[in-house]
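The values are calculated or read from the model by the stated rules, or taken from the named source; none is laboratory data. Quick caveat: nothing in here was measured; it's all calculated off a predicted structure. Cβ sites come from the backbone with ideal geometry, for glycine too, and all protein chains shown count toward neighbours.
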Amino acid sequence: MNNIYLLLFLFLVTLELNAQDAPAERPAKAIYVEGLGSGLGVSLNYDTRFKPGLSGLGLRVGVGGLDVSSSAGSIDIITLPVLVNYVAGNSRAAFEAGVGVTVIRVSAISASTLPGDNIVAKGTGVAGSGNFGLRVQPKRNGVHFRLYWSPFVTSDIFEPRIFGASLGFGFR
């Protein structure tokens, strides 16, 4: 009879141990601050993979801006970058490529010494944007770094001379 209890105990312990296998892998996520790049000035971004792991398709959304003032006036820019990206490689250092759009809101005011002579211009537009470069990411939690080329295209221009860098925290 004691052997039956022992076998039953071992069977239940085995079931319990199998139920406690390693937790399912989660999609990699990151929150980071970007300089230049798809957010133009400075932007705060959230990035996630669609499937578990460090690589594969993902989505990046952010909000950013730039404020430039001088004696001639000021320009305020608000940006909303939204890109679908692909990370190739499951190691800490990987290649990242992405395409998407950046919504850009611009407000400009020219300074004048004459009262009522200021020129105010406001507008919203959309630019196609991309990013192609290096992504250094943690296996679990830790520092997330990106360095990349980020061209812009609108109906009027193609601007290939934009590069960016980001630093933040990656997690699962």
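Data table
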item: Answer residue from the range 123-144, given it is among the polar types (S, T, N, Q) and farther than 15 Å from residue 34 by Cβ and is nearest to the chain's Cα centre (by Cα) among those; result: 141
item: Options 109, 162, 157, 119: the member that is modelled with pLDDT under 95, of a type in the set (Val, Ile, Thr), surrounded by 13 or more Cβ atoms within 10 Å (Cβ to Cβ) and farther than 30 Å from residue 54 by Cα; result: 109
item: Which listed residue is of a type in the set (Lys, Arg) and assigned to a strand (DSSP E or B), from 122, 51; result: 122
item: Any hit, the range 82-102, residues being farther than 19 Å from residue 39 by Cα and of a type in the set (Phe, Trp, Tyr); result: yes
item: Qualifying residue in the range 112-119 (condition: under 21 Å from residue 38 (Cα atoms) and out of contact with any helix residue (DSSP H, G or I) (no Cβ under 7 Å at 6 or more places or on another chain)); result: no
item: Inter-residue pairs, beta-carbon under 6 Å, first touching a residue at least 60 places away in the same chain (Cβ under 8 Å) and more than 12 Å from residue 28 (Cβ to Cβ) and in the range 79-94, second among the β-branched types (Val, Ile, Thr) and assigned to a strand (DSSP E or B), 6+ apart; result: none
item: Residue among 146, 105, 135 that is assigned to a strand (DSSP E or B), under 20 Å from residue 160 (Cβ atoms) and basic (Lys, Arg); result: 146
item: Among the candidates 59, 147, 167, 83, residue that is at pLDDT 95 or above, surrounded by 18 or more Cβ atoms within 10 Å (Cβ to Cβ) and within 13 Å of the chain's Cα centre (by Cα); result: 83
item: Pair list, Cβ under 7 Å, 6 or more apart: the range 31-58 residue among the small types (Gly, Ala, Ser), other residue surrounded by 21 or more Cβ atoms within 10 Å (Cβ to Cβ) and in a helix (DSSP H, G or I); result: none
item: Residue 42 vs. criteria over 18 Å from residue 130 (Cβ atoms), more than 10 Å from the chain's Cα centre (by Cα), at pLDDT 90 or above and β-branched (Val, Ile, Thr); result: yes
item: The range 19-30, residues that are modelled with pLDDT of 90 or more and either in contact with a His (Cβ under 8 Å, 6 or more places away or on another chain) or acidic (Asp, Glu) (or both); result: 30
item: Residue satisfying condition, being crowded, with 16+ Cβ neighbours inside 10 Å and touching a strand residue (DSSP E or B) at 6+ places or on another chain (Cβ under 8 Å), within set 130, 125; result: 130
item: Subset of the range 86-98 (residues that are surrounded by 14 or more Cβ atoms within 10 Å (Cβ to Cβ) and at pLDDT 95 or above); result: 86, 87, 94, 95, 96, 97, 98
